[in-house]
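What follows is calculated from the coordinates using simple rules that are stated; it is not laboratory data. None of these values were measured; they are calculated from a predicted model. Glycine also receives a Cβ, built like all others from the backbone with ideal geometry; neighbour counts cover every protein chain displayed.
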Amino acid sequence: MLSSATPSIDTYTKAQNGSYSLFKLEKRYGNAILPVVETIDTTYQSDMVLENVSKKLADEIKTTIDNGKQCILLLNRRGYNTYVSCTECGTVATCPNCSISMTYHIKNGRLMCHYCGYSVPYTKKCSNCNNDTLKFVGAGTQKLEEELKLIVPNARILRMDTDTTNSRYSYEENFNSFGKGEYDILVGTQMVAKGLNFENVTLVGVLSVDQMLFNDDYKSGERAFDLITQVVGRSGRGKSPGKAYIQTAFSDSEIICLAKEQDYESFYDIEINMRKQMVYPPFCDMCVIGFSSEKDYSVNTSANEFLNALKNLHAEQYSDLKIIVLGPVAPRVSKIGGKFRSRIIIKCRNDKRFREMISKLLKDFDKNKNNISVYVDINPESLI
């Protein structure tokens, strides 16, 4: 049995066409009502009491705690800051093994890569110009926790992210402690968004999901809607009515507006229409052919050679297969763990004949490419 207030587009489509049986719960359990949800425009810095918290949300947090209730605040980035840059030369501190900026973690005073785990001690000196002109940019859950201590000094704050839940039972123990009222505010990443039922929570704040709206993945809208709708649904699950606030610079966004209204049906109608026009799942399958190598030139050359072989084999033996080929192109993070990456995306029907074609291509490709790693992923959870 699958149960969710925000089922995946694929799952709900199967329910719509009769592949799955569909049963709807039109009301919340007991006498609980859905929370009142508002958006807070973060375009103007004057509306913010601190970098991450608006004046409106700060006032609501204070009021909620004064009334003996609890809050959940979602910021889907761990660490202290998003990245560190030099104000003099503009250099950003990046991981030498990955094409991604490193995040500052205040607890251990290190810059860390969230992809390969590489870390170095933080110093104020720029690695490029050697000036003491480094500046923190953006914010993660560690910094939010620090800011909350300035807003509500006496509040008991519990932070939940992968940095604080390393031990075997820490996840369950922390949630049990919050449920018993040992903390006033729960701050966390997406792990605090789903499946939680705390009757004393009457306020939820969504601090930053704008980046999710524009990720280069056809599922980015679905993920943003799912995360926002689920986390605001943590508010008002008991006898007391709940409120939720979404801080965003894109309050007119269709996804934000539908999540605010918690209108899954309308979101589904818009999303499924877009996917049909653009030929995305569930109207096709997605096959990702990934390439990685320690040499940038090698991975790009190999990806193009594979593409040419695919075109030739398709034309000669598999022209009956309807496919749409995209790429090769580097993913957003083009280098991880010292290896450069490229990929080809094929919109297809994942049947026996298609798999046969891909199998032939891989066998021929593997004979000549010893220093290139190749993988195939059918319908991956993410294309990022």
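Can you check what the net charge comes to around residue 197, using other residues whose Cβ is under 12 Å from the Cβ of residue 197 (Lys, Arg +1; Asp, Glu -1)? Can you show the working numbers first?
Working: positive: 28, 194, 234, 237; negative: 199.
Summing Lys/Arg as +1 and Asp/Glu as -1 gives +3.
List, in the order given, every pair from 24/260; 322/352; 62/149; 219/347; 311/363; 69/107 whose Cα-Cα distance in the structure shown is over 23 Å. Mind dumping the intermediate values first?
Numbers: 24/260 20 Å; 322/352 13 Å; 62/149 11 Å; 219/347 15 Å; 311/363 16 Å; 69/107 29 Å.
Over 23 Å apart, Cα to Cα: 69/107.
Would you mind putting 316-324, 342-350 in packing order, based on average other-beta-carbon counts within 10 Å, highest first? Each step should come with its number before you reach the end.
On the way: 316-324: 11.6, 342-350: 19.1.
Averaged packing, sorted descending, gives the order 342-350, 316-324.
Using a cut-off of under 20 Å, list every residue of segment 28-54 whose amide N is near the label point 7 Å from the Cα of residue 135 along the Cα-to-beta-carbon line.
Answer for this model: 43-53.
With a sphere of radius 10 Å drawn around the Cβ of residue 47, what net charge do the other residues whose Cβ falls strictly inside it have (Lys, Arg +1; Asp, Glu -1)? Show your work: numbers first, answer last.
Values: positive: 55, 56; negative: 41.
Here the charged neighbours net out to +1.
What does the helix-only formula give at 222 nm for the chain: each DSSP H stretch with n ≥ 4 adding -39500 (n - 2.57), the total divided by the residues, and the result rounded to the nearest 500 deg cm²/dmol?
Working: 9 runs with 116 residues, N = 384.
It comes out at -9500 deg cm²/dmol, rounded to the nearest 500.
Which residues in segment 59-81 place their backbone N less than 17 Å from a point set 7 Å from the Cα of residue 36 along the Cα-to-Cβ direction?
Correct set: 59-65, 67.
Taking every alpha carbon pair in segment 134-213, what does the distance histogram look like in 5 angstrom bins from 0, in percent?
3, 12, 23, 26, 20, 11, 4, 1, 0
Obtain the nm distance between the two label points defined at residue 307 and residue 87 by a simple spin-label model: each point lies 7 Å from its Cα along the Cα-to-C-beta direction.
Going from the residue 307 label point to the residue 87 one covers 4.3 nm.
Beyond 18 Å, how much of the Cα-Cα pair distribution for segment 1-150 remains, as a whole percent? Mind dumping the intermediate values first?
Working: 7996 of 11175 pairs.
The proportion of pairs with Cα distances above 18 Å equals 72 percent.
What is the spread of the Cα atoms of segment 285-378 along each of their three principal axes, largest first, in whole Å?
So the extents along the principal axes, rounded to whole Å, are 39, 27, 17.
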